[in-house]
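Pasting a structure here, questions to come.
Readers should treat all values here as calculations from the given coordinates under stated rules, not as data from a laboratory. All values derive from a computational prediction rather than experimental measurement. Here Cβ is always computed from backbone atoms with ideal geometry, including for glycine, and neighbour counts include all displayed protein chains.
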Amino acid sequence: MSKKKNSLLQGAVELLILRALRDEDRHGWGIQQRIDQIGSESVTLKQGSLYPALIRLGDQGLIKSEWRITENGRKAKYYILTNKGRKQLDLEIQQWEDFSNTINLIIAEA
Amino acid sequence: MSFQKLLNQIDRVIFRKRNESDLNEEIKCHLDLEIEKNIERGMSPREARKSALLKFGGVEQVKENCRDSWGTRQVTGMIREFKLGMRLLLNNKGFTVAVTLTLGLCIGGNTIIYSVLNSLLSPPDYPEPNRVVEIYNSYPAQGIDRMTSNIPIYLDYSEHADSFEFLALVQNRAVNMTYQESSTRIPGIYASPDFFNLFDVHPVLGRFYGEESFVRDSLESRHVVVSESYWENQFNRDPSIIGETLYIDTQLSTIIGVAPASLSSHFGDAAFFHPWNWNPNRETEQALLNTRHSNRSRLYGRLKTGVTREQAKTQLDVIDARYYEIAPERMKMFLDSSNHETLMSTLRETNHENLGTSLYLLQGSVLLVLLIGCINVANLLIARSHTRLPEFAMRSSLGASNTILKRERLMECLALAAMSSFVGILIAWVGSGTINRYLLNDLLPSADNLSILSSVDNFVFISALSLAVGLFLGLFSSFSFTKKRLLAFIHESGGKASSSKPMRIFRSGLVATQLAFTIVLLVGSALLLQSFIKAINSDPGFETDDRFTTSVSLDFQNYGDLERTVAFRQSLETSLKTIPAVESVALSSGIPGITSMGVNTISIPGYEPVSDEGMPAFNVCLVNSGFFDLLGISFIQGRDFDLSDMNRNQSSIILDRNAAERYYPNGDAVGSYIPFGNQTEPENMSLIVGVVENIRHQGLDGENMDFTSGNEPMMYRHINANLRLPRFNIIIKSKRDFADIFPEIRENVAQLDSQIPLYFSGRLEDLLQDTLNDRRAFMFLTIILGVMALILSVIGIYGVLSYDISQRTNEIGLRMAIGASPKNVLGLFFGQGARKVGIGIALGIIGAIFFSNRLRSFLFEIEPTSFLSFVTVAIFVSTIASIAIYIPAASATRIKPMVALRTE
């Protein structure tokens, strides 16, 4: 598998995670549910690939984590978007839109 | 790497377990939630679980991916292997103790020598040490590279050299210090006013003396600053000592301040700092011109910011040239013939010059010993990794990568090095204590106490050294098995591992190398030992048995003129002769071979120096009549001083044989006249009245008695020859014991003047041998290192040979089964060992021939290629090595063929 494809996918997963955390703090499973919910079936990912991505985002300082109790009384690790993460998300959404607009434009012109 | 990531990674390395359990719990939580959701959708629990796991992907795989994302795999792996290494070592106690002791000893030794070098060569602790220089006179053509300076130069430079911010004239001087009726002789410093500014130090208490102190008889000139240690020992750090008075050589002085300990340590542990008193009216312009090169004091300067030493030197050269223009004819001649030059050096460079060579040699030797130790351990490790070959082969075939196996070896060696450096620190700590107690003063008179544990540099050194040792060993032991060898081993299907041929040759090479290093060290110590024995048995040229000495110093106040001094000496002599069993008494300005004497250059009428030779120079010693008789120095020509010499207004001279033969080749020395100082009228010149035999006046290990440059001949003058000479030695001949007679001497002196303390007392023989102390210390250290090297390499040979034999038990059994006699077997292995030893000794002797040349300046009356030393060491080492190879070889003959063959 080429590295390029890998990193593109990785980038996408990370963008989706940041987007999922924009409105509220979630635990890993919750993030997964949120992505499934908005992305319906078009983005299918192994659920496990979420966790390495979470570690990478944490190392970049875009999210932080803490252990909390869920409403069902279960102990779970919640992820929270940091200020830096919020800015990064806005930036990446902007870039993504610019990029896809350009691609759309090229496709439309062709 | 971002800061956040670094923090996270540190957390993951340190709290690895917590991070792991967090990850487990998080994944479990995820799965549980997914399963709950599935059950809510109506699946059976079993189905729900299966679907959740399927959707999640392999749990272990996810965990592995997460660990990859942590990015700490390498570090945690290495830590795990380091711990594993430690555990293996602790299980294998015999091996570990042997290795850590070997390496610890080597590392400890290195640390001690390094810390000595470091403490000597580290910059002094006053601010901007590179700007502080000593300015000194050099007279290369006279064989004197470094002399001190003098007050006319100080005055001249102070006025004309603006390259310096401060200049200070300094003289070490011991005085009789009397405080509250008790009188002791202590060392101190006389220094001109800017001394404290120059070194940029501040008083611990009170203040320092100022500009006015330079003027003799001013109020300030009676002030004194004491050192911190004197303040502590004598006054218990009592702050009220400011204003206290004490007598310095009977001059009443007031304490005005305390100087920090750091300052004293650069000046021979000076107990006090006294103003330099200078009387401008007493010295005429002409006298300044005449005494410019009577070097008696040291001159220091602090360079102005931005001024380089080269610039300052250029300026001083110009000032010197200006002096030359107006100098008296006699001085011009002297300056020309001696190639005089004014030079500068920092304190660090001076230390370096004085002690550098011997310490670098020691550091080199101790590194050699470390290398020998490492080779031993490397050999052991190689042998050990053989016995573990089956284990490695097994792991390798189960999928352990070669890198991991090698890294594991490396980490084990680093663990070993870490343990060894711990032992090394302990040894260095104990060793430095011993050195401080017994050797420091002989070896390094200018060094403070060594403290291994107080210097960061030492720890950096130890860490670097043990890391180097660990890497060195790690490389050896990881190269000792390669993928190829592991594969070969597996193909042999579990057969007993045997060393490959290249590996055997390599290990034999190591053994030969360590033996060669040992030979080099031992030849060095043998040469030093031979020199020492020669020196201690060398004939000083005078009698020392039953001769004692002590010294007195008369103060200026009570003995300010010649008459009173002469009168005191006469009554002293008479008084001492009344002590029972005293055979004779002599007085002199110095004791040949023990105290250093001043060198004077004198022009001798009728003698023309050869072009490259300086003016005639002499060691001048002032003696009374009876001196030669007491020391058993015989007359070749003429006579001893007598009463007629004292009554004439010209003084008399006695030369030694060297001087007479050199300057009066026709044998007409006696009866010739020599001008001293400004004596130009024949009736004022000094008359040579006698010629005596040569003596070894530069110490037992001084140059031999032949005339050479740097070994100036002796000139004796009468002790009353127009000189006041306040400090002189008393030499007494008596059959009585020194401890027994000394109190009586003290009592007799006290009866004449109770204010005069005696110092530098002892038997002539002891004092003469004390001059060899530095030689003895250096020799002992080298011998210790040599013996260490020998022990280590003998262990090395023994180890390698026994290992070889243990590897070949099977073969030996077979040989013996088919008829080899024990003698054959012994011959086989002894021959193998002997070949290694032979090569090692041959290499060592070649190495020693090169190395011993570096020792030349430490040798006394032997050549660096002394046959005796080389042969003794070669025989000694080969005997010991033969024993070391005989023992395992003999044990091979005791192998029972049946037992050996059955063990397979």
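Per-residue Cβ counts within 10 Å, from other chains only, averaged over B:33-40: what number is that?
Mean partner-chain Cβ count within 10 Å for B:33-40: 2.
Using a cut-off of 29 Å between alpha-carbon atoms, which lysines can reach A:Lys87, once sequence neighbours fewer than 8 places away in the same chain are excluded?
A:Lys3, A:Lys4, A:Lys5, A:Lys46, A:Lys64, A:Lys77, B:Lys5
Further, regarding this structure: For B:Tyr324 paired with B:Ser397, estimate the spin-label separation in nm (one decimal), with each label point 7 Å from Cα along the Cα-to-Cβ line.
8.8 nm
Collect residues whose amide H, placed 1.01 Å from N in the peptide plane, falls under 5 Å from the amide H of B:Thr865; neighbours closer than 5 in sequence don't count.
none
Using θ = phi - 60° and the Karplus curve 6.51 cos²θ - 1.76 cosθ + 1.60, what whole-Hz ³J(HN,Hα) does each residue of the range B:171-187 get, with Gly and Pro shown as x?
For the range B:171-187, the Karplus curve yields 9, 7, 8, 8, 10, 8, 9, 10, 10, 6, 6, 9, 10, 10, 9, 10, x Hz.
What are the ³J(HN,Hα) couplings of the range B:818-823, residue after residue, when phi is run through the Karplus curve with 6.51, -1.76, 1.60 and θ = phi - 60°? Round to Hz, x for glycine and proline.
Using θ = phi - 60°, the values come out as 9, x, 5, 7, x, 4 Hz.
According to a simple spin-label model (label point 7 Å from Cα along Cα-to-Cβ), what is the distance in nm between B:Gln311 and B:Ser754?
Roughly 6.1 nm, to one decimal.
Once the Cβ-Cβ distance between A:Arg22 and B:Arg80 is put in as r, and R0 is 35 Å, what FRET efficiency do you end up with, to the nearest 0.05?
0.30
Still on this structure, I have one more. Return the sequence-ordered ³J(HN,Hα) values of the range B:249-263 in whole Hz as given by the Karplus equation 6.51 cos²θ - 1.76 cosθ + 1.60 applied to θ = phi - 60°, using x for Gly and Pro.
So the Karplus estimates, Gly and Pro as x, are 6, 6, 8, 6, 10, 10, 6, 10, x, 10, 9, x, 4, 4, 5 Hz.
Based solely on its DSSP helices, what 222 nm [θ] is calculated for chain B when runs of n ≥ 4 H residues each add -39,500 (n - 2.57) and the sum is averaged over all residues, nearest 500 deg cm²/dmol?
-18000 deg cm²/dmol
Determine the shielding of peptide A:58-64 by partner chains: average, over its residues, the number of Cβ atoms on other chains within 10 angstrom of each Cβ.
Whole-number average of other-chain Cβ neighbours for A:58-64 is 4.
Computed FRET efficiency, Cβ-Cβ of B:Ser571 and B:Asp740, R0 35 Å: what is it to the nearest 0.05?
Using R0 = 35 Å, I get an efficiency of 0.90.
Okay, next question. So if each residue of separation counts as 0.36 nm, and I subtract the Cα-Cα distance between B:Phe635 and B:Ala817, what length gain in nm does that give?
Residue separation times 0.36 nm, minus the Cα-Cα distance, leaves 57.1 nm.
State log₁₀ I(q)/I(0) for the range B:555-755 at q = 0.08, 0.18 Å⁻¹ as given by the Debye formula over alpha-carbon point scatterers of equal weight, solvent excluded.
-0.29, -1.34
Quick one: give the max-minus-min coordinate of the C-alpha atoms of the range B:564-619 along each principal axis, largest first, in Å.
55, 26, 17 Å, listed from the longest principal axis down.
Spin-label point model (7 Å from Cα, Cβ direction): what's the B:Arg727 to B:Glu47 distance in nm?
Here the modelled spin labels are 11.0 nm apart.
Cβ under 9 Å from B:Met177's Cβ, B:Met177 left aside: what net charge do those residues give with Lys, Arg +1 and Asp, Glu -1?
Within the 9 Å Cβ shell, the charges total 0.
Arranged by the count of other C-beta atoms within 10 angstrom, fewest first, what order do A:Ile103, B:Ile255, B:Ile784 take?
Listing A:Ile103, B:Ile255, B:Ile784 from fewest to most nearby Cβ atoms yields A:Ile103, B:Ile784, B:Ile255.
Taking 0.36 nm per residue of separation and subtracting the Cα-Cα distance, what length does fully extending B:Glu181 through B:Lys896 add?
Between B:Glu181 and B:Lys896, full extension yields 248.7 nm more.
In what order do B:Arg564, A:Arg56, B:Arg185 fall by count of nearby beta-carbon atoms within 10 Å, going from fewest to most?
B:Arg564, B:Arg185, A:Arg56
Multiplying the sequence separation of B:Ser240 and B:Glu159 by 0.36 nm and subtracting their Cα-Cα distance, what value in nm do you get?
Length gained between B:Ser240 and B:Glu159: 25.3 nm.
For the range B:25-100, what percent of Cα pairs sit more than 19 Å apart?
Counting every Cα pair in the range B:25-100, those more than 19 Å apart make up 60 percent.
Take B:Arg216, B:Arg409 and order them by how many other Cβ atoms sit within 10 Å, fewest up front.
B:Arg216, B:Arg409
I'd like the per residue volume of the convex hull spanned by the Cα atoms of the protein assembly as shown, given in cubic angstrom.
It comes to 304 Å³ per residue, whole-number rounded.
So if we plug the beta-carbon distance of B:Val460 and B:Arg856 into 1/(1 + (r/R0)^6) with R0 = 30 Å, what FRET efficiency do we get, rounded to 0.05?
0.30
Considering every pair of different Cα atoms, what Kirkwood radius, in Å, is found for chain B?
The answer is 34.1 Å.
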